[in-house]
Amino acid sequence: MDDMITYRKMTEADIDGVLKIEQEAFSLPWTRDAFVQEMTTNLHAYYVVAENSEGKIVGFCGMWIVVDESHITNVAVTEQLKGQGIGEGLMREAIRVSKESGVVLMTLEARVSNTVAQNLYRKLDFQNGGIRKGYYTDNQENALVMWVKFK
């Protein structure tokens with residue numbers, strides 16, 4: 001990849017860029033209000049953005065850190081840059097922040113059909129934890145619950 005990607009904590013000023021990726025990536029995207037709430041009200045929320053050298057948001061990862069657990073809420077990369085390691089970079093940054101916060105267990109859900117995401121999570125030592133039946137309301141697809149315990 002020619003472009004240098006940096007990872008940093010999301011701010012309210014990043015919502016427009018994140019919202020574009022959210023709408024592109026998900027069949028039931030979160031709303032602007034949802035992201036505003038995450039940035040201003042949810043004391044457990046922490047979001048990481050991936051930014052190119054021109055300052056454009058090209059990906060993001062959200063999580064909730066509660067005591068010693070972290071739950072990934074959403075991860076997305078702009079369609080044009082998928083497959084270039086940005087998703088992995090976002091997850092590695094989320095893991096770094098979680099560990100610094102004293103997290104010992106991180107969880108997430110992935111669509112059972114999303115093998116690309118599942119393979120990335122396995123690369124990062126996530127294990128299968130179970131199935132949430134009908135978890136995704138757009139098509140009633142099951143979710144694979146995955147988790148990783150930090151040493």
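The values are calculated or read from the model by the stated rules, or taken from the named source; none is laboratory data. Note that this is a predicted model, so its numbers are computed, not measured. In this analysis, Cβ positions are derived from the backbone assuming ideal geometry, glycine residues included, and neighbour counts consider all displayed protein chains. Only protein heavy atoms, including side chains, enter the accessible area calculation; ligands, DNA and RNA are left aside. Shrake-Rupley method; radii C 1.70, N 1.55, O 1.52, S 1.80 Å.
Annotations
- Residues located in the stretch 106-138, provided they are within 18 Å of VAL75 (Cα to Cα) and among the aliphatic types (A, V, I, L, M): MET106, LEU108, ALA110, VAL112, VAL116, ALA117, LEU120, LEU124
- Strands (runs of 3 or more DSSP E) wholly inside the stretch 65-151 that include at least 3 residues being more than 24 Å from PRO29 (Cβ to Cβ) and more than 14 Å from the chain's Cα centre (by Cα): 127-132
- Any hit, the stretch 37-48, residues being hydroxyl-bearing (Ser, Thr, Tyr), open to solvent by less than 80 Å² (accessible area, probe 1.4 Å) and in a strand (DSSP E or B): yes
- Qualifying residue in the stretch 9-21 (condition: closer than 26 Å to ALA143 by Cβ, open to solvent by less than 70 Å² (accessible area, probe 1.4 Å) and of a type outside the set (A, V, I, L, M, F, W, C)): no
- For the stretch 102-124, filtering for residues that are loosely packed, with under 13 Cβ neighbours inside 10 Å and either within 12 Å of MET63 (Cβ to Cβ) or not hydrophobic (A, V, I, L, M, F, W, C) (or both) leaves 4.
- Only one of GLY17, GLY55 that is farther than 26 Å from VAL148 by Cβ, in a helix (DSSP H, G or I) and out of contact with any helix residue (DSSP H, G or I) (no Cβ under 7 Å at 6 or more places or on another chain): GLY17
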